[in-house]
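These notes concern the structure reproduced below.
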């Protein structure tokens, strides 16, 4: 597995080593010891989640707060998404900046999003199955988020606004500066 750094410290892309032959391919998608040595982190994942979405579905930007904050290791099992992480760590040199990564079943990339980040994705293919590991259990009372179309964040979701399908819950999320005063 290969680790690719991003412009935001703590966020990185993992590319697996694929073993191909006439039958197809095989790769190890996760090995805790290898993950720790490659990333120099001591993350212990406790929960796996999976979603299925259609073209244009945008989920985000979400985060768990306080003692329920979550780091995530995300990947796409089928289809393609644009995955986005926004640095919401006050005091960070990249506070308010984001990184966007195309994840697909074809490229097999995984994206690590540490605690203290907002996270979201939009489906670029007809459908997508999205899978992620979390290092903390979900807690409904600790969930929150920021509007996906926040002007301060200026995220290019690669689709026109009329192509997006956003939940009612996500449409009423607050703006970044209303939650995170700089």
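The values are calculated or read from the model by the stated rules, or taken from the named source; none is laboratory data. Predicted, not measured: the structure shown is a model, and the values here were computed from it. As a convention, Cβ positions derive from the backbone with ideal geometry for all residues, glycine included, and neighbour counts pool all protein chains shown.
Key figures for this structure:
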quantity: Test result for residue 42, within 24 Å of residue 2 (Cα to Cα), in contact with a helix residue (DSSP H, G or I) (Cβ under 9 Å, 6 or more places away or on another chain), without any contact (Cβ under 8 Å) to a residue 40 or more places away in the chain and loosely packed, with under 15 Cβ neighbours inside 10 Å; calculated: yes
quantity: Every residue from region 45-87 that is touching a strand residue (DSSP E or B) at 6+ places or on another chain (Cβ under 6 Å), surrounded by fewer than 20 Cβ atoms within 10 Å (Cβ to Cβ) and on the phi > 0 side of the Ramachandran plot; calculated: 56
quantity: Strands (runs of 3 or more DSSP E) contained entirely in region 1-92, each with at least 1 residues that are at pLDDT 90 or above and more than 17 Å from residue 111 (Cβ to Cβ); calculated: 19-21, 24-26, 47-54, 57-64
quantity: Every residue from region 168-182 that is surrounded by 12 or more Cβ atoms within 10 Å (Cβ to Cβ) and assigned to a loop (DSSP other than H, G, I, E, B); calculated: 173, 174, 175, 180
quantity: Which listed residue is within 15 Å of the chain's Cα centre (by Cα) and either exposed (fewer than 14 other Cβ atoms within 10 Å of the Cβ) or free of Cβ contacts under 8 Å to residues at least 40 places away in the same chain (or both), from 9, 28, 22; calculated: 9
quantity: Region 100-139: number of residues that are in a loop (DSSP other than H, G, I, E, B) and over 30 Å from residue 67 (Cα atoms); calculated: 7
quantity: Sole exception among (1) surrounded by fewer than 16 Cβ atoms within 10 Å (Cβ to Cβ); (2) over 17 Å from the mean Cα position of the chain (by Cα); (3) farther than 19 Å from residue 101 by Cα for residue 138, by number; calculated: (2)
quantity: Qualifying residue in region 95-117 (condition: within 15 Å of residue 180 (Cβ to Cβ), surrounded by fewer than 16 Cβ atoms within 10 Å (Cβ to Cβ) and without any contact (Cβ under 8 Å) to a residue 60 or more places away in the chain); calculated: no
quantity: Residue check for residue 148: touching a strand residue (DSSP E or B) at 6+ places or on another chain (Cβ under 9 Å), closer than 21 Å to residue 114 by Cα and crowded, with 16+ Cβ neighbours inside 10 Å; calculated: yes
quantity: All positions within region 141-155 that are in a loop (DSSP other than H, G, I, E, B) and under 15 Å from the mean Cα position of the chain (by Cα); calculated: 146, 148, 155
